[in-house]
Each structure stands twice: as C-alpha cells, then as structure tokens.
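Here is the structure we will look at, set down as structure tokens.
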Amino acid sequence: MDRPEESPKFPSCDAYFDTIQSKKKLPLSLQESLTAAFAQIPVSSFPDVPSGRVTEIPGETSVLDAVRILSEHNIRAAPVLNPEPGEPANWKGRYLGIIEYSAIILWVLDNADLAAVALSAGSATAAGVGMGAVGAVGVAALGATGPAAVAGLTAAAVGAAVAGGLTADKGVAKDGVTAADHLGEDFYKVLLQQEPFKSTTVRSIVESYPWSPFVPVTLDSSMLTVLLLLSKYRLRNVPVIEPDKPVIKNFITQTGVVKGLQQCKGRDWFDYISALPLSDLGLPFMSFDEVITVNSDDLILEAFKCMKDNKIGGVPVVEGPKRKLVGSVSIRDIRFLLLRPDLFSNFRQLTVLGFMKTLGSTLPASGDDGLVKPPLTCAPDASMGSVIDSIGSRITHRIYVVDGDFEVVGVVTLRDVISCFIHEPPGFCDDYLASAVEKLGDEGTAGSAGNS
C-alpha cells in the first residue's frame, strides 16, 4: 500500500487552489468574465434534487438504517435532523450536520478496534460488551482510541481482555483493523448485533465524526459561493435553505455541479475550456508519486483504513511494480460490508481483489473478468470535455489518468474540474467564507489534497 506523507490540514486548501489557478492557461479576461457571471447567478436557479425533495435522516436513526436509506436513494450524504430542534425558525437547531459514508467508515474502523479486542477475549458475551463504559485508563492500556472508545468497550471487556493476556505489547489492539480481519463472521455479530454498537445512532456519529459540516447557503446566495465551497474549501455538498426558515430546499453536490457544466455544451466559454488538454488546466494536480494507491492483495479493511487516514473518498487498486490499474474502491463501498455481510463468509482473509470479485459476481453490469464495473480512466493528453463526459456518465468522484501500459500516473477529481472554471476574486464574500472556513477548521474536515 503506497501512502505519501500526510499533508497539512486545512491550510492546504489555499495551496491547492492557488496552484491550480497558477497553472491554468486561460485568458485572464475569460476567467474574470466567468467568475463575474457565476457571482450573478442565484442559487435558486440551480436544478432541484432529482426526487424534488431532499432526503433527511432523523438523528435517532441507527447506523444500519441510515446506510439503507442512503443506499436505497442512491445518495452519498444526507442532512441529519435534530430530534430536539429547539427554536423552529433556527436551522442550527433543526439540523445536527450531514451524515455520509465517510463518517460511517470512521465509526466502523474505530469500532473494529474495539470489537477485535472483545472477540479476542473469548466471545462478545464473555467480554461483556454492552454492560457499561470503559474508563480512559483501560482504553489506553488496550490501545483503543477515538470517540468510539469511550462508548465501545466495557469494564468487563477490559478485564476479560487483560486476563487473557491481550495487552498492547501483544499487538491485539495495536492494529485492531488487522485483528478484526481475522475474526470472520463473529466480527459482524458484535458490530451489527451487540450493544452498544447496535444502538449507535446517526446523531452520535455526526457529533463524533464531523467529516462533513453543515454549511448552508440561502436561495439568494450566488453560485460562485457554492462553487468555491465545493472546490477550494473541500465540501462535497452544500445545503440550500430558505432565508429565515429552517427548511432545506435543495442539496447541491459536486456531482450535480459537474453534470450542470456538462449541459453547457455549445456555449463559447465551455467549448473553449472543454477543448483544452488537462495539462493546460494544471491537471492532474498531484504528481505520479503522490497518488495514493492500494494493492490488490491488501486486505479490504486496510484499504478503507487508508482512505480514512488520508481523508480521501476512493483509491485505485493496482498490481505489480508498474502500478497497473485493475480496479478501484471507494468509501461508498462500505455499504456492501454493512448491508451484505452474508457475501463475505471468508472475511478473515478477504483481500481487495476478493472484495471486488465477490461484488462482481452479485452485482449487475459486471465485467467479463467477474469484477465490478472498471474504474473510469483517461490518457494524460485527454481534453477536459472528455473527462467531464466520462464523469457525468457515471456516479463517481474521480477519473484515473493512466499511460499506455495502464499505469496510474494521476487522478482528476470533481473538485479539480470545478476549480478549473472559477477563481476567487479578492475580497469576495469575505464574511461568509471566513465563517465557513472557521467552521471547517473547528470540525477538522479538511484533509490532504489527495484523491478526494
């Protein structure tokens, strides 16, 4: 598994955006005209979500039910309703945040640490899962960390684990994800059927893992604000509310914006930019050795852990020293582990390639090799228009840049595409963006400029 050194946190937003802007080979007059035009377009003009109504998830919904809702509606994220909304006209009281697969995977991986320790002590019952909270000293002794640690293990579990010789030195909790990999179906019995895991609510996940903050705009805000939030400031979605009403009228995503750009074919400005090769737009942003990959023989939970650690939404799956692309895994795929554990009876040794083959044998539109549909790819000299068409044809957040030998040499994300069409005028919407940045910084959502 290839991982570059962790990049700086939120300050990297400016570095990323400034680099993209400096590399773009676009006439300044065109950039200024486009930015001015987006600043004049109200958010109210953006098409509504396909269903016409934004899917919302009550805060007391269980994790599994939330995953089912996201999967059934074919969406990646949804606003979370506060069961105790407070003032009816205050959206800050009405909504707790946004739940998305990224936060769910953090919960799964942190609880994998705890479930691994409990199961290794003998059984979930013997370990005392569900009888109370463990003290900080016990958690530290076992090496379990993260918000789930306080709610995950019990004093009885700690006692059983220590009695069984499971100390941090023996490595059981030192790498809980790897330990969980060797627990088979019993892992699911703890994570999905035993307390306190079973009763974990969406509210607790949103509060413990604020991966995607609730930063709304109003119907009369400008689309430039939205585009900046979705590109420079790393948000994947922006809720739209009515002024003075705590009701979400729309939910604008990176995917929705790129699909909107795709509809601009025939307009001079779009045709000009779409005809340019990626290199003229500063893409791919990362160099060859900065692209984060996983190997096909890595364990699938390690692949998810890689995405968690690097705060990215997906990784290319490669084989061999030449890093030949053979597939991809995204954070959204965690839904298959949670909703279809019956598919993974050999979970104790499930590799990334095994995961892809198992899905390929059960899902429609699989390839001849039995794998899930292959990832989107493009050549280094591809045009921006062809990239937009490819991404717009499928629900995906990235396209991999490959050479003639199918070696991964770069990645282009939705964020990259949006960044190519705008720049931030000096002083634009300072107050609003400053408050958004502060919220992002406080909640720790910004990560590296990786494959997000």
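Only residues that are in a loop (DSSP other than H, G, I, E, B), open to solvent by 30 Å² or more (accessible area, probe 1.4 Å), in contact (Cβ under 8 Å) with a residue 40 or more places away in the chain and over 24 Å from residue 332 (Cβ atoms): list them for the stretch 379-410, please. Hits for the stretch 379-410 are 380, 381, 405.
Kindly indicate the residue of the stretch 231-259 that is polar (S, T, N, Q) and not in a loop (DSSP other than H, G, I, E, B) and also most open to solvent (accessible area, probe 1.4 Å) among those meeting that condition. Working first, answer last.
The initial filter retains those residues of the stretch 231-259 that are polar (S, T, N, Q), namely 231, 237, 250, 253-255.
Next cut, not in a loop (DSSP other than H, G, I, E, B) only: 237, 250, 253-255.
On the way: 237: 7, 250: 7, 253: 45, 254: 8, 255: 25 Å².
This residue is 253.
For residue 315, the criteria (1) in a strand (DSSP E or B); (2) in contact with a Leu (Cβ under 9 Å, 6 or more places away or on another chain) hold in every case but one, which is (2). In the stretch 260-277, the residues that are at negative phi and open to solvent by 60 Å² or more (accessible area, probe 1.4 Å) form Cβ pairs under 9 Å with partners that are of a type in the set (S, T, N, Q) and part of a helix (DSSP H, G or I), at six or more places apart or across chains, as follows: 265/274.
Listed by first and then second residue, the pairs with beta-carbon distance under 8 Å, at least 6 apart or on different chains, first residue in the stretch 316-327 and free of Cβ contacts under 8 Å to residues at least 60 places away in the same chain, second among the β-branched types (Val, Ile, Thr) and open to solvent by less than 10 Å² (accessible area, probe 1.4 Å), are 317/293; 317/294; 317/329; 317/352; 326/317; 326/318; 327/317; 327/352.
Checking the structure you have, find out if any residue of the stretch 210-232 is free of Cβ contacts under 8 Å to residues at least 60 places away in the same chain and either within 26 Å of residue 57 (Cα to Cα) or among the small types (Gly, Ala, Ser) (or both). No, every residue in the stretch 210-232 fails to be free of Cβ contacts under 8 Å to residues at least 60 places away in the same chain and either within 26 Å of residue 57 (Cα to Cα) or among the small types (Gly, Ala, Ser) (or both).
The values are calculated or read from the model by the stated rules, or taken from the named source; none is laboratory data. The structure displayed is predicted, hence computed values, not measured ones. Please note: Cβ atoms are built from the backbone with ideal geometry, for glycine as well, and neighbour counts cover all protein chains shown. Calculation scope for accessible area: heavy atoms of the full protein, side chains included, ligands and nucleic acids excluded. Shrake-Rupley method; radii C 1.70, N 1.55, O 1.52, S 1.80 Å.
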